[in-house]
Each structure stands twice: as C-alpha cells, then as structure tokens.
Amino acid sequence: MAALTNSARPLPPVGRRFGIVSRGAASSTRNKSIEEPEEHSFAVREDPSSIFAIKERGNPIMTQYSSPASASPLIHPTACTLFLLAPTAQDLTSMSRRARTNVRRNFVRIITAANVVGVPPLIYSRCDYAAKHGFATHVTGLALREFPGGVRGLPWQHAPLTGALSENDRPVLVVAGFWLEHEVVATALHALADSYDVYFVLDASPAKMQAAVRLSQDRLIQAGATPVVVSQVIHEWSLGTTDAAKAAALNALLLSRSTPGED
C-alpha cells in the first residue's frame, strides 16, 4: 500500500483539522495512484499535528477520541462540545426586541438539542448571572455547566473552562454567543490553534456592529472554522445518533415553531 504523506494530497477542507481523510476523499485520489485503505474506515496523514500524533505526545486534550465518527463529514454528536458565550444585561438592551427574541430562541433550541443527544454544553458568562438565567438557560430540565468570568476575561484563559474541555476529550467545538466579532472570534481562533475542529453558529452569534459580520466570518473561515446555523447542527446531530427516539426528538425540534420555555 502506498504511504499517505502530506505531499501526496493538498490539505483537508476547511474545518477538518485533525489529519483525517474520509473514505470518499481517499477514493477520489485513485487517479494519482494512491490506494484506498482496505482495513479501516479512515486513513491518517503522517502529520505531527493530528490528534493521533497529539495522543502519542501525551496531550491532555483529545487523548482517546478515535471512534468511527471521526471519519464522518457531518457534525457528529459524540465528537462535540457546545460552547456558549452568554450575554450581559447591557448586551441585551442594545438589541432590538425582535433580534433578542430570535437569538434567545436559537440558544434554547441548540441547548435543548445538545441535551437530547448527550452533547455537553458549557457556558461562559461575563459576570452577569441575571441576564444569563433570564435569557435562555433558565429552561427547566436543561443540563448546562456554567463558568463565570470577568467582564474583560478571555474564555480560553479561564482555567476551569479549559479544564472542562479537556475532561470532555472531544475534538469538535460548536461555538455560539455574544458577540460574534469579539468573544466568538477570540474563542474560535484559540480553539483552532489548539487543534479543535470549530463550527461557529451564525444565527446564535449576533454581531455588535453589522459592518463586522462579513469581516468576522471571513476571518474565521480563513483560519479554518466552519460557519453553520442552528438547524444544520440539529439536523446533523439527528443523522449521527443511532437512537431512534433521540433522532425523532431532534426532528420534532426542527419542525416546531416554538421552543421549550418560550414566552
């Protein structure tokens, strides 16, 4: 079997940062005389930055993740952590009522979906508990780990939060919250630098300034993150679960015009 090296093919698509080549990608290279792996559902590049190389070096993050989900081109629930950035009271008052309602609805929908399929949701707040609990996370029955930080605190420098991410040991981070061009961009870039596969949720990540939306999206995409919307995440989680009841619950959430706890 021919060796798979970095020089054999170009780098993987945007958002695929773990040195994993899907079976479909491998088969598309037959014209380049590279054989498809015969014994595994995915092939690993000889890349020192891959999660498997990181595992060998003893990195505490993502040391055991090597399930078949790693070969999937979709957002697989068993690979994900949901990372939310809560608003402050001032953030909320700066938005129109319609915009505030729409973002709150999407927060609740994605947290509800995460609870259905067992995706651990973490939320970082800039010291405003009242706004956080009144915005989305007060909904009865939703499991959520909360991490209070400072007003100017950087989530990725918050030791309890990064410790929780290490404990989760999942390579995919789904990021959403306030504000897109500030906390979301900073969190996503740090996560990418630490070899996470990052998806940022556009309809749950409002921008403080409209002019910053396109610039922030372009910057994150260029860095390797993937833009998604809430319905995409929920749909792909429904495809990834093998539990029919959970898939049905997610599909019902997609079809519903209201969300749990909505006024």
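The values are calculated or read from the model by the stated rules, or taken from the named source; none is laboratory data. Bear in mind that the values here come from a model prediction, so they are computed numbers and not experimental data. Positions of Cβ are backbone-derived with ideal geometry, glycine not excepted, and every protein chain shown enters the neighbour counts.
Filter the range 195-253 for residues that are touching a residue at least 60 places away in the same chain (Cβ under 8 Å), assigned to a strand (DSSP E or B) and in contact with a Leu (Cβ under 8 Å, 6 or more places away or on another chain); which is surrounded by the fewest Cβ atoms within 10 Å (Cβ to Cβ)?
Selected residue: VAL228.
Hey, could you check the range 79-97 for residues that are assigned to a helix (DSSP H, G or I) and modelled with pLDDT under 95 and say which is surrounded by the fewest Cβ atoms within 10 Å (Cβ to Cβ)?
Applying the first criterion (assigned to a helix (DSSP H, G or I)) to the range 79-97 yields 79, 89-93, 97.
Within this subset, residues satisfying the condition of being modelled with pLDDT under 95 are 89-93, 97.
Values: ALA89: 13, GLN90: 11, ASP91: 21, LEU92: 18, THR93: 10, ARG97: 8.
Within the range 79-97, the match that is surrounded by the fewest Cβ atoms within 10 Å (Cβ to Cβ) is ARG97.
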